[in-house]
Amino acid sequence: MNFWIVLRKELLEQWRTYRLLIVAAVLIAFGLSSPLLAKFTPELLKSIPDIPPGLLELIPEPTLADAVGQYVENMSQFGILLAVLMSMGSVAQEKERGTAAMMLTHPVTRSTFLLAKFSALAVTFTISLSLAALGCWYYTLLLFDALPWGSFLALNGLMLVVFLVYISAVLLCSTLANSQGGAAGLAFGALVLIAGVGSLPRIGEYLPGRLFRWGAELALGGGEAAWPAFWVSLGLIAAFLVTAWLVFRRQEV
Amino acid sequence: MIRVEALHKHYGAVRALDGLDLTVDAGAVFGFLGPNGAGKTTTLRILTGLARPTSGRAAVAGVDLGTDGRTLSRRVGYLPEQPAFYSWMTPGEFLDTLGRLHGISSSERASRVRELLSLVSLSEASKRRIGGFSRGMRQRLGLAAALIHRPEVLLLDEPVSALDPSGRKEVLELIERLSAECTVLMSSHILADVERVCNVVGIINNGRMVIQAPRQELMERYAQPAFEAEGEDPASVQRWAEILQRQPWVTGTNLVGCVLRVTVKDVRLARRELLATAVAQAVALSRYEEVRPSLEDIFLKLVGKEATQ
């Protein structure tokens, strides 16, 4: 299967161009720092000299929920930003430089070309998020208490699904654009659109952003399941990829 | 081996191809000549499936375009004018990846990669990243990439344009040798290269085929006998050229610096009269020869005629 050969090439590219290293380093840094920040931010506030009387009592004691909340917040910002940055040039850059044309004159179908790119990015984010999760779990254990493995894994799985929604959306933008600049513009447009629509009160319940809240609640042993948002997210990934393929197969490279 | 019928390609109002017809027989080394913007690259991109025609039909190595891209890519090798590669790869890794895509077995792949790197004189650079390669090295690697799967048809877009003289000679000799293994269609604006390696020539202008014929037949049909002389004083050579233009046996003159090229109708008469007129005008000559008619003369004549129509 030529898919595996192209995926092998894509993974080698993720490694050689330090993309895997960058994503892993950033996510691990936030994975480790989240429980640290949750633990020591109140301590730092308390150490401020001349703090007004009565305010000290208002600063709550840090809890396990703060560690999870901080982790989810960091990942929902920097994880998504990384997903956008790492994906936006993937197709447009190859079209612009001519490497796409070079590959496509050999037995590589356009669907294989796109799917291998998506899969390589998915592998990069899966590895990086796994390492970040491991770091977060360990520091949380040291500073607070043990998080239940199963539900913490589920939280990370749900976050990965959100990242994949952004990766597939940006891959579509990169396919639509003919230059890296155009791809960047479209990608940030997509970022604003998905985040903006997701923040709407009713619609947001069915969109990928809801998965962060569900995951956080799940990790702490409770919360209401958001299966509609989960299925919509998977549907969006499939829809973005199929649209990218439909666009790409008609394009001249 | 290659058949193109009434091929049109429009980019908005621009007609890159305007009813192109082209036939290349198996085993031919076809020289695809034309001025810049004539439609050579567009034709090659359509033949590889990278671009789609607006209308018309084409088939390469028995595959109708737009029907079976996978089979087409297995039968056709393509070298673009500016081949692009992954800068983080080494040439060995790149060729190995392509070999895998073509289903070449591991042992055969290793020897094929070595053989091709040696063929294009890149063996010493096999462990270097492609990112540091010169344009000439990239073009040679592109040729190796086009040959990895031993294609039936090789499409080469300006294959020697980025090479130095020795590299050019090597690649042209290689193309000549390849004609025993596959059919070659080579676009070029370097007429001397086409004249040297191609046995069939097609001249394209404004998206249409002006003429297509075996090179020898083309030379015999269109080439006019010519003489070339180099004078020492530009003014006297200019004067001589003006007088020659008025002679009934002269069909044209072309003066570049002190070098005058004269095309004639009657070679015997020209042999007698040319030097006589030079002597009469007291033109001091440092060189004088009867030259073999070149493809360039035919090209300029045919493309020039098209432009005036």
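Using every Cα-Cα pair within the stretch B:1-84, state what percent have a distance larger than 17 Å.
Working: 1599 of 3486 pairs.
Considering the stretch B:1-84, 46 percent of its Cα-Cα pairs are separated by more than 17 Å.
Taking every residue in B:77-87, how many Cβ atoms of other protein chains lie within 10 Å of its Cβ, on average?
On the way: counts 2, 5, 2, 4, 1, 2, 4, 9, 4, 10, 4.
Counting other chains' Cβ atoms within 10 Å and averaging over B:77-87 gives 4.
Taking loop as defined by DSSP and a crowding limit of 15 other beta carbons within 10 Å, which trypsin sites (Lys or Arg not before Pro) in the stretch A:144-249 fit? Before the final figure, lay out each step's value.
On the way: sites: A:ARG202, A:ARG210, A:ARG213, A:ARG249; in loops: A:ARG202.
Here the trypsin sites (Lys or Arg not before Pro) that fit, given the DSSP loop and packing criteria, are A:ARG202.
Taking springs between alpha-carbon atoms closer than 10 angstrom, which of A:ALA238, A:ALA183, A:ALA216 fluctuates most in the Gaussian network model of chain A?
Judging by the Gaussian network model, the answer is A:ALA238.
Let me check I have the definition right: for the stretch A:1-113, take the eigenvalues of the Cα gyration tensor, multiply each by 5, take square roots. What are those semi-axes in whole Å, largest first? Spell out each step's value before the answer.
On the way: eigenvalues 456, 32, 23 Å².
Values for the stretch A:1-113, descending: 48, 13, 11 Å.
Where the Cα atoms of the stretch A:2-250 are projected onto their three principal axes, how long is each span, largest first, in whole Å?
72, 40, 36
Classify the stretch B:153-208 as rounded, prolate or oblate from the Cα gyration tensor: take a ≥ b ≥ c as the square roots of its eigenvalues, call it rounded if a/c is under 1.5, otherwise prolate when a/b beats b/c and oblate if not. Write down the numbers at each step before the final one.
Values: a/c = 1.89, a/b = 1.22, b/c = 1.54.
Oblate, because a/c is 1.5 or more while a/b does not exceed b/c.
Could you state the angle between the C-alpha long axis of helix A:180-198 and the longest principal axis of the C-alpha atoms of chain A, as a value from 0 to 90 degrees rounded to the nearest 10?
50
Let me have the relative contact order for chain A, percent, based on Cα pairs under 8 Å that are six or more residues apart. Numbers along the way, then the final one.
Numbers: 327 pairs, mean separation 65.9, N = 253.
Answer for chain A is 26 percent.
Let me have the relative contact order for chain B, percent, based on Cα pairs under 8 Å that are six or more residues apart. It would help to have the intermediate numbers written out before the result.
Values: 579 pairs, mean separation 61.0, N = 309.
The normalised contact order for chain B reaches 20 percent.
Taking the Cβ-Cβ separation of B:SER107 and B:SER55 as r and a Förster radius of 56 Å, what is the calculated FRET efficiency to the nearest 0.05? Intermediate results must be reported in sequence, preceding the final value.
On the way: r = 46 Å, r/R0 = 0.83.
So the FRET efficiency works out to roughly 0.75.
Step through the table entries B:LYS169/B:LYS301; A:LYS117/B:LYS127; B:LYS9/B:LYS301; B:LYS9/B:LYS169; B:LYS40/B:LYS127; B:LYS169/B:LYS265, compare each Cα-Cα distance with 30 Å, and write down the pairs that go over it.
Working: B:LYS169/B:LYS301 27 Å; A:LYS117/B:LYS127 26 Å; B:LYS9/B:LYS301 26 Å; B:LYS9/B:LYS169 34 Å; B:LYS40/B:LYS127 34 Å; B:LYS169/B:LYS265 34 Å.
Long pairs (Cα-Cα over 30 Å): B:LYS9/B:LYS169; B:LYS40/B:LYS127; B:LYS169/B:LYS265.
With a ≥ b ≥ c the root eigenvalues of the C-alpha gyration tensor of the protein assembly as shown, is it rounded (a/c under 1.5), prolate (a/b larger than b/c) or oblate? Provide the component values of the computation, followed by the final result.
Values: a/c = 3.04, a/b = 2.81, b/c = 1.08.
Because a/c hits 1.5 or more and a/b exceeds b/c, the protein assembly as shown counts as prolate.
Please identify, among A:SER174, A:SER119, A:SER233, the residue showing maximal mean-square fluctuation in a Gaussian network model of chain A using a 10 angstrom Cα cutoff.
Sorting by GNM fluctuation, first place goes to A:SER119.
For B:ALA192 and B:LYS265, what does the FRET efficiency come to when R0 = 25 Å and r is the distance between their Cβ atoms, rounded to the nearest 0.05? Let's see the in-between values first.
Working: r = 26 Å, r/R0 = 1.02.
The computed FRET efficiency comes out at 0.45.
Given q = 0.08 Å⁻¹, what are the Debye log10 I(q)/I(0) values for the stretch B:2-221, with equal point scatterers placed on the Cα positions and solvent ignored?
Log10 I(q)/I(0), no solvent term: -0.28.
What is the projected area of the convex hull of the Cα atoms of the stretch B:73-145, averaged over all directions, in nm²?
Values: hull surface 18.3 nm².
Quarter of the Cα hull surface area: 4.6 nm².
Can you list the aspartates and glutamates whose alpha carbon sits under 16 Å from that of A:LYS9, skipping same-chain ones fewer than 8 residues off?
Those aspartates and glutamates meeting the cut-off are A:GLU94, B:GLU93, B:ASP96.
Test of understanding: in a Gaussian network model of chain B with alpha carbons linked when under 10 Å, which of B:TYR78, B:TYR288, B:TYR222 would top the mean-square fluctuation ranking?
Judging by the Gaussian network model, the answer is B:TYR288.
Grab every C-alpha pair in the stretch B:224-292, bin the distances at 10 angstrom width from 0 up to the longest one, and report whole percents.
23, 63, 14
Each reported figure results from applying straightforward, stated rules to the coordinates on display, with no laboratory input. Small disclaimer: the values here were computed from a predicted structure and weren't measured. Neighbour counts run over all protein chains shown; Cβ positions are idealised from the backbone, glycine included.
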